[in-house]
Every structure is written in structure tokens, then in C-alpha cells.
Amino acid sequence: HMHANHAITFIDKDHARMDAYYITARAAGGQDQPLQVLAVGRSIDELVRLNGKWLIQVRDVQPTN
């Protein structure tokens, strides 16, 4: 899958939110079969910094807002 158009909002020094669009695709099954797009959508990740590393705390791939 691929994420695009990332927008990161820093809430404080150890928390952030990342809004993005995603696309999930499957490779072509042969020369006569094109790439298949399986899903597209929007995601919101809640990020937290622990021990100097940014980690995904929550990933929401079906946000309602």
C-alpha cells in the first residue's frame, strides 16, 4: 500500500496527528493482467514519541470526521 498527501499536526512535543490518503493495490498477475486497485481511502494516525522514536499509537483507516 501507499500513503500520499501527508499532513502532520504537532499537538505537543511528544504527540502528533498525521492525515493521509492511501491506496492498496496488488501486482499484475501476468502480462495480460493489469495492476488491481483493491482499496482507496483516508487515514488518520495518532503518533507518539517514545524514547526518541516516533511510533504509531492509533491508525484509523475509516475515520468518520
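The values are calculated or read from the model by the stated rules, or taken from the named source; none is laboratory data. These numbers come from a predicted model, not from an experiment. Quick reminder, even Gly has a Cβ in these numbers, built from the backbone with ideal geometry, and neighbours come from all protein chains shown. Please note that ligands, DNA and RNA were not included when accessible areas were found on the heavy atoms of the full protein model with its side chains. Shrake-Rupley method; radii C 1.70, N 1.55, O 1.52, S 1.80 Å.
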Original post:
If you compute Cα Rg over 2.2 N^0.38 Å for the structure shown, which of (i) 1.09; (ii) 1.43; (iii) 1.68 do you land on?
Top reply: (ii)
Subject >> Accessible surface, per residue, of the stretch 9-65 when the full set of protein chains is kept, probe 1.4 Å, Å² >> reply: 78
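Counting Lys and Arg as +1 and Asp and Glu as -1, what is the net charge of the other residues whose Cβ lies under 12 Å from the Cβ of Arg17? Write out the running numbers ahead of the final one.
On the way: positive: Arg59; negative: Asp12, Asp19, Asp45, Glu46, Asp60.
Value of the local net charge: -4.
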Original post:
For Ile44, what charge total do you get from the other residues with a beta carbon under 10 Å from its beta carbon, if Lys and Arg give +1 and Asp and Glu give -1?
Top reply: -1
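Given a 1.4 Å probe and every protein chain left where it sits, what share in percent of the accessible area of the chain is carbon and sulfur?
Percent of accessible area from carbon and sulfur atoms in the chain: 53.
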Subject >> Estimated FRET transfer efficiency (Ala7, Ala28; beta-carbon r; R0 25 Å; 0.05) >> reply: 0.20
